[in-house]
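What follows is a single structure, written as structure tokens, with notes after it.
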Amino acid sequence: MSVPEPGADRLRSIVEKSNTKQIVGLNTLNAFNLMKEALKELSAEYTTTLAGAVNHSALPAFREKGPYEAEFSLASDMLVFSMHTNVFVFDRDHPVWKTEYIKNERLNSYCGIVSIYNFLADSFKFNRRQDLGYLIARIFVNRENHFFVEGKRQSGDLVKDFANDLVSKEAIKQILDTAIRYAIEFDLLVPPYDQVKIASVDQMMEEIIHAKMATGKRLGFKFNSDDV
């Protein structure tokens, strides 16, 4: 039994979707590179402004960890920026599907993602691999270089300006400023007593030798209820 050849419309659909994903990937990488440039500039600005006024260890430091990851440390906080190499589409309950921008052209819903995580700097310094970090923002970029952000203290209406907002260094700096301010004000809380009242000898030996007391800014608390 012979298999019928795919029709022209089906071939066009396959090629169009594949091409869209390639464009989204390139746009997201370009946005991530802009973000790294902005982080370098912010680091220089902070250092110029604060040099001599604060301890040197409190000054920010930017580190590029490869094409898809970067770090920005500021005093006791570490922000980790990570670009996913895949392209995503939103689940059917996401509010993006209610916008005319997506209703009129479904291909605009395909997005790349850049995530911003907040960790304690000491978690990396002391190699405390079990310490917790928190996702504080995600930036979505599509084929038309439009974007929107979801996260702590970012835009209240997630997708309201998706049809209009274009990736730019100025927009990225606003996102970074919001994320950095949130991280700095998101304080480390004492864990509940009952959570840490019992420890094994092995745990104590590991903690004493390697300084590996499990730590996170809201250890034992629900992150989504801890906005400051």
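Computed from the coordinates by the stated procedures, all read-outs in this text should not be read as laboratory data. Nothing here was measured: the structure is a model prediction, and the numbers come from that model. Please note: Cβ atoms are built from the backbone with ideal geometry, for glycine as well, and neighbour counts cover all protein chains shown.
The amide H of Arg128, built 1.01 Å from its N in the peptide plane, has no neighbour under 5 Å, considering only residues 5 or more places off or on other chains. Structure note, pairs Lys103/Lys152; Lys152/Lys197; Lys17/Lys160; Lys17/Lys173; Lys36/Lys125: Cα-Cα distances above 29 angstrom occur for Lys152/Lys197; Lys17/Lys173. Evaluated on the range 5-105, the Kirkwood hydrodynamic radius is 17.1 Å, with distances taken between all distinct Cα atoms. Model label points for Ser18 and Lys160, set 7 angstrom from Cα along the Cα-to-Cβ axis, are 4.1 nm apart.
Ranked by the mean number of other Cβ atoms within 10 Å of their residues, highest first, the peptides 171-180, 12-21 come out as 171-180, 12-21. With the simple model of a label 7 Å out from the Cα in the direction of the Cβ, Lys98 to Lys169 spans 3.7 nm. Specify whether the C-alpha gyration tensor of the range 8-188 places it in the rounded, prolate or oblate class, a ≥ b ≥ c being the square roots of the eigenvalues: rounded for a/c under 1.5, otherwise prolate if a/b is larger than b/c and oblate if not. Prolate is the answer for the range 8-188, as a/c is 1.5 or above and a/b outweighs b/c.
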